[in-house]
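**Q** Structure provided below as structure tokens; questions to follow.
The values are calculated or read from the model by the stated rules, or taken from the named source; none is laboratory data. These figures come from a predicted structure and were not determined experimentally. All Cβ positions, even for glycine, are placed from backbone atoms using ideal geometry, and neighbour counts span all protein chains on display.
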Amino acid sequence: MIKVTVLEAPIRNMKGTGKTSGKPYDLDFQTVWLHTVGADGTPSPFPEKTEIILDRDAATGRTTPYTPGEYTLHPSSIRLDPRGNPEVALRLVPLKKSA
């Protein structure tokens, strides 16, 4: 299981036009911290900072940032591209707190 920590909810927006497609884009990013492990399976001593692209609601066109807390990856985060290679687009689900 990969643990993901969200510390704050602010998002960063990036708008523009694709260089090759010429199509406009509008992306919202949120900073998260991944608790990773090394190739030998040893947990990293510190979480690593990255950004995820937030999904847009089809009806409203808006994104909803994740609230601060602990998460793990949703199974839909990993899929295969048209050539059969794995690709990752992080989607998070809250970790259940143990009793």
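**Q** Of all residues in the range 1-36, how many are without any contact (Cβ under 8 Å) to a residue 40 or more places away in the chain, touching a Pro at 6+ places or on another chain (Cβ under 6 Å) and exposed (fewer than 15 other Cβ atoms within 10 Å of the Cβ)?
**A** Of the residues in the range 1-36, 1 are without any contact (Cβ under 8 Å) to a residue 40 or more places away in the chain, touching a Pro at 6+ places or on another chain (Cβ under 6 Å) and exposed (fewer than 15 other Cβ atoms within 10 Å of the Cβ).
**Q** I need every pair where a residue in the range 78-99 that is without any contact (Cβ under 8 Å) to a residue 60 or more places away in the chain has its Cβ under 9 Å from the Cβ of a residue that is part of a strand (DSSP E or B) and small (G, A, S), sequence separation at least 6 or different chains.
**A** As it stands, the answer is P94/G69, since those pairs meet every condition given.
**Q** Surrounded by 10 or more Cβ atoms within 10 Å (Cβ to Cβ) and at pLDDT below 95, is that true of P43?
**A** In short, yes.
**Q** Is it true that some residue in the range 56-69 is free of Cβ contacts under 8 Å to residues at least 24 places away in the same chain and touching a Pro at 6+ places or on another chain (Cβ under 9 Å)?
**A** Scanning the range 56-69, I find no residue that is free of Cβ contacts under 8 Å to residues at least 24 places away in the same chain and touching a Pro at 6+ places or on another chain (Cβ under 9 Å), so the answer is no.
**Q** Which one is nearest to A58 (Cα to Cα), of the residues in the range 13-37 that are charged (D, E, K, R) and more than 13 Å from the chain's Cα centre (by Cα)?
**A** Among those that are charged (D, E, K, R) and more than 13 Å from the chain's Cα centre (by Cα), it is D26.
**Q** Can you tell me which of R12, R91, R62, R83 is at negative phi, basic (K, R) and touching a strand residue (DSSP E or B) at 6+ places or on another chain (Cβ under 6 Å)?
**A** R12
**Q** Those residues that are closer than 18 Å to P94 by Cβ and touching a Leu at 6+ places or on another chain (Cβ under 8 Å), I need them from the range 12-35; list them, please.
**A** Selection gives Q30, T31, V32, W33.
**Q** Anything in the range 77-99 that is within 18 Å of L7 (Cβ to Cβ) and either in contact with a Ser or Thr (Cβ under 8 Å, 6 or more places away or on another chain) or outside any loop (DSSP other than H, G, I, E, B) (or both)? List them, or say none.
**A** Listed by number, the residues that qualify are L90, L92, V93, P94, L95.
**Q** Taking the condition of being of a type in the set (D, E), touching a Phe, Trp or Tyr at 6+ places or on another chain (Cβ under 6 Å) and within 14 Å of K3 (Cα to Cα), how many residues in the range 33-57 meet it? Spell out how you get there, then give the answer.
**A** Taking the range 33-57 and keeping what is of a type in the set (D, E), we get 40, 48, 51, 55, 57.
Then drop every residue that is not touching a Phe, Trp or Tyr at 6+ places or on another chain (Cβ under 6 Å), which leaves 51.
Still in the list and also within 14 Å of K3 (Cα to Cα): none.
Summing the residues that are of a type in the set (D, E), touching a Phe, Trp or Tyr at 6+ places or on another chain (Cβ under 6 Å) and within 14 Å of K3 (Cα to Cα) in the range 33-57 gives 0.
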